[in-house]
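**Q** Shown below is the structure under consideration.
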Amino acid sequence: MAALQILGMKHSGKSTLGALAARRLGWDFADLDYLLEKEHPGTHRLSAREIYRELGQETFQAYEARAALKVVPLLEKGSFVLAWGGGTATNPAAVQALRNYGVLVLLEERSELLFERIVRGGLPAFLSKQNPWEDFQRLYQERMALMETLTTNRVTLGGSTIEVALTKLLQTLEGELHARQQFRTPL
């Protein structure tokens, strides 16, 4: 059985939908942001957001790349769902480690809705206080373009409820797995 990797912008629903899809399929689930948090040494646990803000992008991406390498054996085994971080596509080492395993699905959501969700939790370090909307639009365009090159499967959410989004995601996975079975060549 294949693995499922879910890509998308911050607050597009990767972790929520990934966990629900894994539960529905009876597969294991991991969130790459959570795994990278475990890469931080010391007794005081930092969130992914805190690691980025306090230690910088370079350290954040180094932790993310290490976490990606550690999760590869689970992806190889299959029956596993991995939610990428919102910026994982901008981390060449993490992308290199993950890109060839399973079905990669991009969650597409309207930028206005994502921005609203993001700032509700406080302004993240990757957005300036002076021009947060403009910064986000630039990031949205850049990251979505990168993620589109990594995936052939997209789920357009359009503000869907969780139930509708989950159904769309599972249908995309089922269609991709069915297509792979049809074109499998005998050994």
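FYI, it's all coordinate maths here, none of it is from the lab. Worth saying up front: this structure is predicted, and the values here are computed from it rather than measured. Don't worry about glycine lacking a Cβ; one is built from the backbone with ideal geometry, like all the others, and counts go over all protein chains shown.
One line per residue, one yes/no per condition, for (1) under 15 Å from THR90 (Cβ atoms); (2) not small (Gly, Ala, Ser):
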{"position": "GLY13", "(1), (2)": "no, no"}
{"position": "ALA21", "(1), (2)": "no, no"}
{"position": "ASP33", "(1), (2)": "yes, yes"}
{"position": "GLU54", "(1), (2)": "no, yes"}
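**Q** Can PHE60 be described as touching a Phe, Trp or Tyr at 6+ places or on another chain (Cβ under 6 Å) and under 23 Å from LEU169 (Cβ atoms)?
**A** Answer is no for this residue.
**Q** Tell me, which helices (runs of 4 or more DSSP H) lie completely within the range 1-72 with 2 or more residues that are surrounded by 19 or more Cβ atoms within 10 Å (Cβ to Cβ) and touching a Gly at 6+ places or on another chain (Cβ under 8 Å)?
**A** In the range 1-72, 32-37 are the helices (runs of 4 or more DSSP H) which contain 2 or more residues that are surrounded by 19 or more Cβ atoms within 10 Å (Cβ to Cβ) and touching a Gly at 6+ places or on another chain (Cβ under 8 Å).
**Q** Sort out which residues of the range 74-93 are of a type in the set (Val, Ile, Thr) and in contact (Cβ under 8 Å) with a residue 60 or more places away in the chain, and write them in order of number.
**A** Within the range 74-93, VAL81, THR88 qualify.
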